[in-house]
Structure formats: structure tokens, C-alpha cells
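Participant: Have a look at this one.
Derivation of every value follows stated rules applied to the coordinates shown; laboratory data play no part. Everything quoted here is computed from the prediction, not taken from an experiment. Neighbour counts are summed over all protein chains in view; Cβ atoms, including those assigned to glycine, are modelled from backbone coordinates with ideal geometry.
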Amino acid sequence: MENKKNPKVDFSTKRSLFLLIGLCASISLTLAAFEYKTISKPIIIVPDLDSDELAFYEPPITVIEPPKPPVIAPKIIEIPNDDDVDVEIPPYIFDDFNKYIAEEPVEFTPLPKEDVVEEFIVVEEEAKFPGGAEAWTKFLTKNLKYPKQAQRANIEGRVILNFYVDAEGNISKISVLRGIGSGCDEEAIRVLSKSPKWKPGLQRGVPFKSAKQIAFVFKLN
């Protein structure tokens with residue numbers, strides 16, 4: 001008697017179907033593996049505020065040309081003929097020596113003489129702070145203050161002042177040759193005005209009023 005297989009439990013008839021399904025699944029997993037990307041957390045980089053790239057960044061400058069001024073034609077002014085102008089000439093009396101004398105003599109009052117102070121830009125011996133460079137450094141350390149506005153804005157640099165020292169050592173005519181702003185120029189002028197009398201410059205051994213320049217250095221630590 002021959003044994004017959006139950007068609008409900010016979011998997012041999014569906015072998016090719018299972019093989020096809022397995023092949024499709026393998027291909028799908030392979031493609032998914034190639035398309036898979038590793039997701040990583042972002043890295044935050046904090047820039048260094050003291051780096052040169054940030055300190056010396058300069059924004060682009062847009063140059064706007066001003067409009068050209070309109071061309072104005074010059075006005076022509078007519079000058080009258082000298083023959084048509086009546087000029088009144090005051091009468092003069094001539095003496096025998098061909099000299100003319102006005103009928104009404106004018107009295108001239110001489111102007112008072114002013115004391116002329118001779119100034120020298122370059123002298124044989126320059127004006128100096130009393131006590132020399134060491135005393136000047138101590139004076140600046142005690143009196144010179146760094147303006148808060150300049151500290152907040154990180155302003156550094158040199159302030160160069162021009163001034164005059166007269167024959168008695170007094171300081172006058174203080175002006176800024178080069179400044180950096182933010183209150184540093186005013187602070188340099190204030191300290192220089194507060195300084196005691198200087199040793200005047202000498203020309204041929206005689207004290208003279210002379211010009212002098214000095215620099216104040218403002219630098220943050």
C-alpha cells in the first residue's frame with residue numbers, strides 16, 4: 001500500500017516560493033545596510049576671543065561717491081571806464097622845494113612797544129621735567145588714570161602732546177598731535193597741566209621759551 005502525503009503539510013511544493021521570499025529579504029537588508037548612516041551628536045566649538053582672527057577682523061567698507069556739484073557759470077562784472085569816474089583829490093600846497101603839505105596836518109600817536117618773546121623749537125638744551133626721567137615716571141604712576149570708557153572699549157595706544165615751556169618753566173599751549181579718543185586725550189592733557197614747573201630750555205646758556213613733545217602710553221594688562 002503506497003503512503004500519500006497530505007497536500008496541506010507538504011512544503012516541497014512551496015519551496016521555490018520560500019526561496020524567492022528569502023532572496024528578496026536578503027537583498028533588502030543589504031541595500032538598507034548601504035543606506036544606513038551613523039547619526040552623531042553635533043560638536044560645539046567655542047571661538048577664542050583672544051585669537052588674531054577675531055581681534056583684527058575688519059568689515060568691508062562701502063565707498064559712496066558724493067554727487068558732483070553743479071557747474072555754475074561765472075558772473076561777468078562790468079568795470080566802468082576810469083574816464084567816467086569822478087575822483088575827488090584833496091587840495092595840497094606845494095612849497096619851493098617841490099614838497100606837498102596837506103592843509104590839515106594829521107597827528108600820529110606812536111603805538112606802545114610790546115615785549116616780544118622769542119620762541120625756539122630747537123634749543124641747545126631741551127626743557128626737562130624736574131628730577132629727570134625717573135621722577136617723571138613716578139609722577140605719571142601717581143597721577144595718570146586709565147579712563148573707564150577706554151577700558152570698556154579696549155582702547156590702547158599712544159597720545160602725543162605738543163606744548164611750550166617758557167623761560168620760567170611754566171607749561172602752556174598744550175595741543176594733541178595724535179590721539180586715541182575715549183577720554184585718553186583729555187586725561188593726558190589733565191596730567192601734563194598738573195605737572196610742576198619744568199627746567200626751561202637753554203639757548204647760549206640763557207633760558208628761552210621752547211616747544212616740546214611728549215607721549216603718553218595707554219595699555220591694558
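Participant: Give a residue-ordered list of calculated ³J(HN,Hα) values for segment 207-221 (Karplus: 6.51 cos²θ - 1.76 cosθ + 1.60, θ = phi - 60°; whole Hz; x for Gly, Pro).
Facilitator: Here the 3J(HN,Hα) series is x, 9, 6, 9, 8, 8, 10, 8, 10, 10, 9, 10, 9, 7, 6 Hz.
Participant: Please list, in chain and number order, the residues 5+ apart from K128 or on another chain whose amide H is under 5 Å from its amide H, with Hs placed from the backbone.
Facilitator: K199
Participant: Could you give me the ³J(HN,Hα) list for segment 17-29, computed from phi with Karplus coefficients 6.51, -1.76, 1.60 and θ = phi - 60°, whole Hz, x at Gly and Pro?
Facilitator: Once rounded to whole Hz, the list reads 5, 5, 5, 5, 5, x, 5, 5, 5, 5, 5, 5, 5.
Participant: Label-point separation (nm) for V206 and N170, each offset 7 Å from Cα along Cα-to-Cβ?
Facilitator: Between V206 and N170, the label points sit 2.0 nm apart.
Participant: Sorted by average packing, counted as other Cβ atoms within 10 angstrom per residue and highest first, what order do 17-28, 146-157 take?
Facilitator: Most protected by this proxy first, the peptides run 146-157, 17-28.
Participant: Kindly write out, for segment 135-148 in residue order, the coupling ³J(HN,Hα) from the Karplus curve 6.51 cos²θ - 1.76 cosθ + 1.60 (θ = phi - 60°), rounded to whole Hz, with x marking Gly and Pro.
Facilitator: Per-residue couplings from phi come out as 5, 5, 5, 5, 5, 5, 4, 7, 10, 6, 10, 7, x, 5 Hz.
Participant: Under a point spin-label approximation (7 Å from Cα along Cα-to-Cβ), what is the R178-K142 distance to one decimal in nm?
Facilitator: 3.0 nm
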